[in-house]
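Throughout, read-outs are computed from the coordinates displayed, never taken from laboratory work. Owing to the predicted nature of the structure, the values given are computational and were not obtained by experimental measurement. Virtual Cβ from ideal backbone geometry, glycine too; neighbours counted across all protein chains shown.
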Amino acid sequence: MIQNAGAVSAVIKTIHIFQKLNYMHEAKSLQEEKEKVDKKYKKKKGTKLVEKSSQPEMNPGTSAATKNDVMKQSAVSEVSPHVKKQMAVQQKPIREGLQEDRITVMVLKAMKPFEFETQEGKQEMFHATVATESEFFLVKVFNTRLKDKFIPKRIIVISKYFRHIGFLEVDNASLVSDAKSDQKMNIPAHITRKAGESPKINKLQTQPLGTIVNGLYVVQKKTEGKNRILFEVIDNTGKMEVLALKQCAKVQCEEGDKLRLTFFEVSKGGEKLQLKFGVHSFIKVIKAKKAK
């Protein structure tokens, strides 16, 4: 990150990532270290003599790109060893993008394939939940031929997948195979339980925008608009809005029914936080039992 964006930008981006992941202690610690370095840099910048001696001389013909490179290299030296060490330690667990390494997981749950709209037309995908012995992952699978691999309790090996904050992504270039016949995995009960739980609404209201949510909630109110449907859902901790697109109009839902939301995102509608339907979201209605 330092090499690509420069030290100052790398520190700021890392602070934002920590905040998004709710690592508030790390974010605060890193912010304090940055402020110390900022103060130190301002003192050094106080006199023109110090400013000139701390940077290489550049003639008027030097390109803007070269000047930027020089400034980035200078900024790197201003980052304290403590900040560099903390950034290096924290970057590895949240590494994103294409993963070449193999990961062995147990399938906890897999949905049926469904269609979604793209600019190229309709495509198919399905959602799954997998786990290692230390954590669970939500998975978006864009190759429906892999449905036979994503069978609950089956141990599989995945490589060439994409990792994002909050979920994994498996596409046509990904490799999914069965683990060795003698491969054993003992998924702790608390991980299995957490993977299947619906996040409490009062907790969702404290999560960063963009947080992925799977959950089951009771419908208290339904309001249909021109291009959208707005649900008000509740649990024993509070209430929250769920925004669904008009394409969900075929979903027959009444007050008292339950909505099973898959891959909704914490978003903001005006001043209110809400759960928003996205391109890869799925919604299912569970009808309330009527009293005899």
Open item on the list: Sort 158-164, 206-212, 239-245, 221-227 by packing, meaning the average of other beta carbons within 10 Å per residue, with the highest value first.
Closed with: 239-245, 158-164, 206-212, 221-227
Task: Charge dipole (segment 98-192, unit charges on Cβ, about Cα centre) - positive-most of Thr118, Phe136, Ala173 - done: Phe136
Task: Nearest-0.05 FRET efficiency for Thr192 and Asn236, computed from C-beta distance (R0 30 Å) - done: 0.85
Task: Cα gyration tensor category, rounded, prolate or oblate, for segment 91-167 with a/c compared to 1.5 - done: oblate
Task: Length released on extending from Asp171 to Glu117, taking residue separation times 0.36 nm less the Cα-Cα span - done: 17.8 nm
TODO: Please give the peptides 273-285, 193-205 ranked by average Cβ packing (other Cβ atoms within 10 Å per residue), highest first, as a rough proxy for protection.
DONE: 273-285, 193-205
Open item on the list: Quick check: pseudo-label points 7 Å beyond the Cα along Cα→Cβ at Asp257 and Lys221, how many nm apart are they?
Closed with: 1.9
Task: Euclidean distance of C-alpha centroids, segment 113-132 and segment 165-190, integer Å - done: 18
Task: Candidate aspartates and glutamates for bridging to Lys36, where Cα separation is under 13 Å - those fewer than 8 sequence places away on the same chain excluded - done: Glu78
